[in-house]
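The values are calculated or read from the model by the stated rules, or taken from the named source; none is laboratory data. Computed from a predicted structure; not experimentally measured. Reconstructed Cβ throughout: ideal geometry from the backbone, glycine too, with neighbour counts over all protein chains shown.
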Amino acid sequence: MNLHPCKPRVGATCRDANPLLWLGTALLLAALLWLWGGVSWAAENGGQTQNQTCFSCHQKEGMDDGAGKDLGPHQGLTCVDCHQGAQRYPHEEIKLASCRGCHTPHTEVTTGDLHAGVSCRACHWAGGGQTPHLLASTEKPASCRRCHFAGNKTGAPAAVLPAKGALCLICHTATLSLPDWPSRLALVGFVLGLLASLGFWFSGGGQGPASKALHGDHRGGGFGPGAAALLFDGMLQRRLWRLSPGRWLVHALMVLPFAARMLWALLALVLSYAQPGADLTQAMLNKNYPATALFFDLTGLLVLAGAALAILRRALCGKIKMPGLPGPDWVGMGLLAAVVISGFVTEAARLTLSGAPDASWAFLGAALSGLFTAGPGLQTGYGYLWYAHAILFAVFVVYLPFSRMKHILLAPLNLAIRAAHGAGRGSTDK
């Protein structure tokens, strides 16, 4: 029989375990609990101890009595969390940590593209003294008045302008909201006009080609042919190219740049929600970023080239009308040109106000910026330029479904439906 005090008998149960084993286990648990409590205490009080060390010198520089209340929502952090390198004394180089180390950047809905280069403190400083540490989340419009007033030194317009809304996605990075009154009125007018056009276009009275496709006895071609017709015949205008390469070029210059802009804007919108802090997202939202500035100025210039080419063809070819094609809509093209030109003028005023460091990539806006002089007058006038551009676009949107240019919207849909229903097989697709 084994009677060793530190060695249990063979076949012993838990109840027969050595008391020393229980004592060791209890001491180990007590040590772990003590260590856990010490870590918790250090996490709660170590930051305050660290801050007290900083406040012993910096209290006289605008901090409070040392309790850290001026840190606002950052009261639980230590000074060195933001002032990196301050733990070394004497201080040699202290770097202010980026807010994005802890905070996700705002989406386009909150900040808009013009605030891509604005510091977080510009909006989130709660004021109330000289200390820059009192930060708070604020959604009050009054905070915008810190920069947006006539005579400000930051290059901001005097008017607090709304973010670009859903209708602006046709040309700009924007939001899915409708914050401005021109967009709201334009959307109502556009929907009413589009419903009237669709009611006529798809009526069963045989008034339109799509009516025959919908109500005729065709064997459907399916989704594949419909999608192909939407892309090649609707967007790329394959049939128009076969009929008139000159008309195709005018159409391509005036439509495809808008399609490219819209794809850019939609991708930027998705990325602003999915990956708001990514470099690609910030580059696509920042209109001063070289690639972004070049893309939008170049596509706008292509639209103007299309309008100029349409006028030139009209002057050279007279009133020759191709069979099956609508005549030119001069009112629509004039409105479209006015929208693009006013956009460039507004961009030039923005570049003059903000003093963008590398505005040369926005080559046309930069060239026109020489027409303006920065100052209180332009800060006040910029708001009127912005709304003039928005109103011109709203008028064009309302006019579109009632004009000859409505085929831009209806023709792709018509061709896709005809292909999906098997209409027109063996005719012009060979």
- line: Screening Leu302, Leu266 for residues that are in a helix (DSSP H, G or I) and in contact (Cβ under 8 Å) with a residue 60 or more places away in the chain leaves only Leu266
task: Among the candidates Val331, Val339, single out the residue that is assigned to a helix (DSSP H, G or I), among the hydrophobic types (A, V, I, L, M, F, W, C) and at pLDDT below 90.
output: Val331
- prompt: Counting only residues that are aliphatic (A, V, I, L, M) and free of Cβ contacts under 8 Å to residues at least 40 places away in the same chain, which one in the stretch 269-297 is surrounded by the most Cβ atoms within 10 Å (Cβ to Cβ)?
  reply: Leu271
task: Tell me which of these Gly370 doesn't satisfy, since it passes every other one: (1) among the small types (Gly, Ala, Ser); (2) assigned to a helix (DSSP H, G or I); (3) in contact (Cβ under 8 Å) with a residue 24 or more places away in the chain.
output: (3)
message: With the requirement that a residue be among the aliphatic types (A, V, I, L, M) and within 13 Å of Thr299 (Cβ to Cβ), what does the stretch 340-356 give you?
response: Val340
- request: Test Gly204 against the stated conditions and say whether it is out of contact with any Lys or Arg (no Cβ under 7 Å at 6 or more places or on another chain), in a loop (DSSP other than H, G, I, E, B) and either modelled with pLDDT under 70 or among the aromatic types (Phe, Trp, Tyr) (or both).
  value: yes
message: Given the condition among the basic types (Lys, Arg), crowded, with 20+ Cβ neighbours inside 10 Å and at pLDDT below 70, answer yes or no: does some residue in the stretch 411-421 qualify?
response: yes
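Yes or no, residue by residue, for (1) touching a helix residue (DSSP H, G or I) at 6+ places or on another chain (Cβ under 6 Å); (2) at pLDDT 75 or above; (3) over 15 Å from Leu298 (Cβ atoms):
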site	(1), (2), (3)
Gly224	no, no, yes
Ala227	no, no, yes
Leu230	yes, no, yes
Met235	no, no, yes
Arg242	no, yes, yes
Pro245	no, yes, yes
Val250	yes, yes, yes
Leu256	no, yes, no
